[in-house]
Amino acid sequence: MDSPRLLRRCLLAALSAVLTASAFTPVAHAAPQAAEATVFSDTFDGPAGAAVDSAKWQIETGDNVNNHERQYYTPGNKNAALDGRGHLVITARRENPANYRCWYGTCQYTSARLNTSGRFTAQYGHVEARMKIPRGQGMWPAFWMLGNDIGRVGWPDSGEIDVMENVGYEPGTVHGTIHGPGYSGSGGIGAAYSLPNGQAFADAFHTFAVDWAPGSITWSVDGTVYQRRTPADLGGRTWVFDKPFFLILNLAVGGYWPGDPDASTAFPQQLVVDSVRMTTSDSAGGTGAPITGLAGKCADVAGANSANGTPVQLYDCNGTAAQKWTVASDGTLRALGKCLDVAGNGTADGSKVQLWDCTGGPNQKWTVTAAHDIVNPQANKCLDVTDNNSANGTRLQIWSCSGGANQKWAVG
């Protein structure tokens, strides 16, 4: 990736005025985690031609010299409008009826970019957009997030989470990336996901998501996890993702990374957005819910004993308090008033898990992913039933994530 492409994250001048894991083998499809609260949702219902809901989105305008993109982002519903069938359609056109001026002279293209700054920000949760992307050389659709403090600290110190980017010359591949101080531009840290058998993302709707928790971000496409990043991936550089971010949708035309459109590129092109949603763990009730795993059995605090060091094991589900877990907003899993803890702050395969006073330590942080993994980000390992043994009383541990049935959990 070319470093100038992400200088666009400094945003257009208009926005500046407004604002003051290592990759691993994909695992199977899974439903979103249970026990969640929806904190943002837009299904783009409304009459055809209507603008987006201004209570949720603001429209950015202008060009982008930093990345040498070719489009002019227009206001209102000129290039971003509802289609009357529950979709937002962002349209890139080869036109310039208003005689807009761009960094290179008279603009050749128009498109749209919108964000939730000043309307919605959130910290941690499951963030997803179901979209059908455009096709063609020079097309560059993106769904991403920026730290809400960008107006104060600037980019890249604000942090950036690219949930999905696609460049037109890779019709079957999308990219997920993080950017921060010392790892921005071409130094951004990420991975790519490709569809099998030569499929193109423009052929159908797909769901692009991240599961974002304290100290970890996990990317998925249609529920298949393809990448997880933690502070351990940064080589000592600063992790800037434990704070509020806002959402951005845009369709760029041209630029250093995708290259410019050519004679093969048909216009207009459209990014069709079916929905954008963000959910967070709903732990307000405090009563908890079961964590169900191998052979339909539950994660269980042995003997319902709340003493520090009590083993956590697999056991027949019985509905007792020893099996009621709360996914807390601080990234912990709690039962009987205490936290699921990796004994001795261990990170090695086979480190046992236990119940312990909540300390805020990294050995008590967990990410529940859309692929039904429960991951300790510090170790980058999964909650695992020892030896794949479904007998009552089998200890739970952490182990390198393999996608096996003994590492799959349903929360709630």
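The values are calculated or read from the model by the stated rules, or taken from the named source; none is laboratory data. Computed from a predicted structure; not experimentally measured. As a convention, Cβ positions derive from the backbone with ideal geometry for all residues, glycine included, and neighbour counts pool all protein chains shown.
Brief remarks follow.
- Residue check for residue 269: surrounded by 19 or more Cβ atoms within 10 Å (Cβ to Cβ), more than 16 Å from residue 164 (Cα to Cα) and modelled with pLDDT of 95 or more: yes
Residue-wise test of (1) over 21 Å from residue 328 (Cβ atoms); (2) out of contact with any Gly (no Cβ under 7 Å at 6 or more places or on another chain).
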{"residue": "362", "(1), (2)": "no, no"}
{"residue": "366", "(1), (2)": "no, no"}
{"residue": "372", "(1), (2)": "no, yes"}
{"residue": "375", "(1), (2)": "no, yes"}
{"residue": "384", "(1), (2)": "yes, yes"}
{"residue": "391", "(1), (2)": "yes, yes"}
{"residue": "405", "(1), (2)": "yes, yes"}
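- Residue in the stretch 153-170 that is in a loop (DSSP other than H, G, I, E, B), crowded, with 19+ Cβ neighbours inside 10 Å and within 14 Å of the chain's Cα centre (by Cα) present: yes
- Looking only at the stretch 230-259, and only at residues there that are part of a strand (DSSP E or B) and β-branched (Val, Ile, Thr), the one that is nearest to residue 122 (Cα to Cα): 248
- Evaluating residue 262 against the criteria (1) surrounded by 16 or more Cβ atoms within 10 Å (Cβ to Cβ); (2) at pLDDT 95 or above; (3) of a type in the set (D, E, K, R) leaves one unmet condition, (1).
- Residue check, residue 367 surrounded by fewer than 22 Cβ atoms within 10 Å (Cβ to Cβ) and hydroxyl-bearing (Ser, Thr, Tyr): no
- Scanning the stretch 198-229 for residues that are closer than 14 Å to residue 129 by Cα, more than 11 Å from the chain's Cα centre (by Cα) and either in a strand (DSSP E or B) or not assigned by TED's automatic domain parsing to the domain that holds residue 167 (or both) turns up just one, 206.
- Restricting the stretch 303-351 to residues that are surrounded by fewer than 18 Cβ atoms within 10 Å (Cβ to Cβ) and among the β-branched types (Val, Ile, Thr), the residue that is farthest from the chain's Cα centre (by Cα): 320
- Summed over the stretch 385-412, residues that are closer than 18 Å to residue 342 by Cα, within 28 Å of the chain's Cα centre (by Cα) and surrounded by fewer than 16 Cβ atoms within 10 Å (Cβ to Cβ) total 1.
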